[in-house]
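The values are calculated or read from the model by the stated rules, or taken from the named source; none is laboratory data. Predicted model, so just to flag it, every value in this text is computed and none were measured. Cβ sites come from the backbone with ideal geometry, for glycine too, and all protein chains shown count toward neighbours. For accessibility, only protein heavy atoms count, side chains too; no ligands or nucleic acids. Shrake-Rupley method; radii C 1.70, N 1.55, O 1.52, S 1.80 Å.
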Amino acid sequence: MAETFLTRAGYEKMRQDIEELKKRKSQLSHDIADAREKGDLSENAEYHSAKDKLAEVLNRINILQDKLQGAKLID
């Protein structure tokens, strides 16, 4: 795990970003469930779009969490 040097403000900003992404993740999960109820998933653009966005959000959350785990606070 690489070290990431952050100021206190940068650290808090990353934590806030993670919280916002988690809220977005929850909304996307709801969107996927709604799209799934509409029927045929092979031709459901809303479903595929929501799944792609969810994958991006999950990836971003993982990246930020990894950075925070290896974070060293600086002044």
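So who's got an amide H within less than 5 Å of the one on residue 71, skipping anything under 5 residues away but keeping other chains? H placed 1.01 Å off N, in plane.
Amide H to amide H, under 5 Å and 5 or more residues apart or across chains, residue 71 pairs with 4.
Among the aspartates and glutamates, which fall within straight-line cross-link reach of residue 22, defined as a Cα-Cα distance under 18 Å, with same-chain neighbours fewer than 8 residues apart omitted?
Qualifying aspartates and glutamates at Cα under 18 Å: 12, 31, 52, 56, 66.
Using a Förster radius of 22 Å, what is the FRET efficiency between residue 7 and residue 59 based on their Cβ-Cβ separation? Nearest 0.05, please.
Working: r = 25 Å, r/R0 = 1.12.
Efficiency for this residue pair is about 0.35.
How many percent of the accessible area of region 1-58 is carbon or sulfur, using a 1.4 Å probe?
Numbers: 2130 of 4300 Å².
Carbon and sulfur atoms account for 49 percent of the accessible area of region 1-58.
Name the long-range amide H neighbours of residue 44: under 5 Å, sequence gap of 5 or more, or other chain; modelled H, no Pro or chain starts.
none
Based solely on its DSSP helices, what 222 nm [θ] is calculated for the chain when runs of n ≥ 4 H residues each add -39,500 (n - 2.57) and the sum is averaged over all residues, nearest 500 deg cm²/dmol?
On the way: 2 runs with 55 residues, N = 75.
Estimated from H runs of four or more residues: -26500 deg cm²/dmol.
Hey, can you rank 10-23, 62-75 by average C-beta count inside 10 Å, highest first?
Details: 10-23: 13.9, 62-75: 12.1.
Per-residue Cβ counts within 10 Å, averaged per peptide and sorted highest first, yield 10-23, 62-75.
If you take the Cα Rg of the chain and divide it by 2.2 N^0.38 Å, with N the number of residues, what do you get? Don't skip to the answer; put the middle values down first.
Working: Rg = 16.3 Å, N = 75, 2.2 N^0.38 = 11.3 Å.
Here the answer is 1.44, to two decimals.
Residue farthest toward the positive end of the dipole of the chain, with Cβ of Lys/Arg at +1 and Asp/Glu at -1: which of 41, 62, 2?
Highest projection toward the positive end goes to 2.
What's the extension gain from residue 19 to residue 43 if we count 0.36 nm per residue and subtract their Cα-Cα distance? Display every interim value, and only then the final one.
Numbers: separation 24, 0.36 × 24 = 8.64 nm, distance 3.22 nm.
Value of the extension gain: 5.4 nm.
My understanding is that a pair violates if its Cα-Cα distance is over 29 Å; which of 23/67; 51/72; 23/72 do that in this structure? Could you put the intermediate results ahead of the total?
Working: 23/67 20 Å; 51/72 34 Å; 23/72 26 Å.
Table pairs above 29 Å Cα-Cα are 51/72.
Count charges around residue 30 for me, please; just the other residues with Cβ under 14 Å from its Cβ, Lys/Arg as +1, Asp/Glu as -1. Before the final figure, lay out each step's value.
Working: positive: 22, 23, 24, 25, 36, 38, 51, 53; negative: 31, 34, 37, 46.
Here the charged neighbours net out to +4.
Nearest 10 degrees is fine. How inclined is helix 8-37 to the longest principal axis of the chain, computing both from alpha carbons?
10
For the chain, with every protein chain kept in place, what is the accessible area per residue (1.4 Å probe, Å²)?
That works out to 74 Å² per residue.
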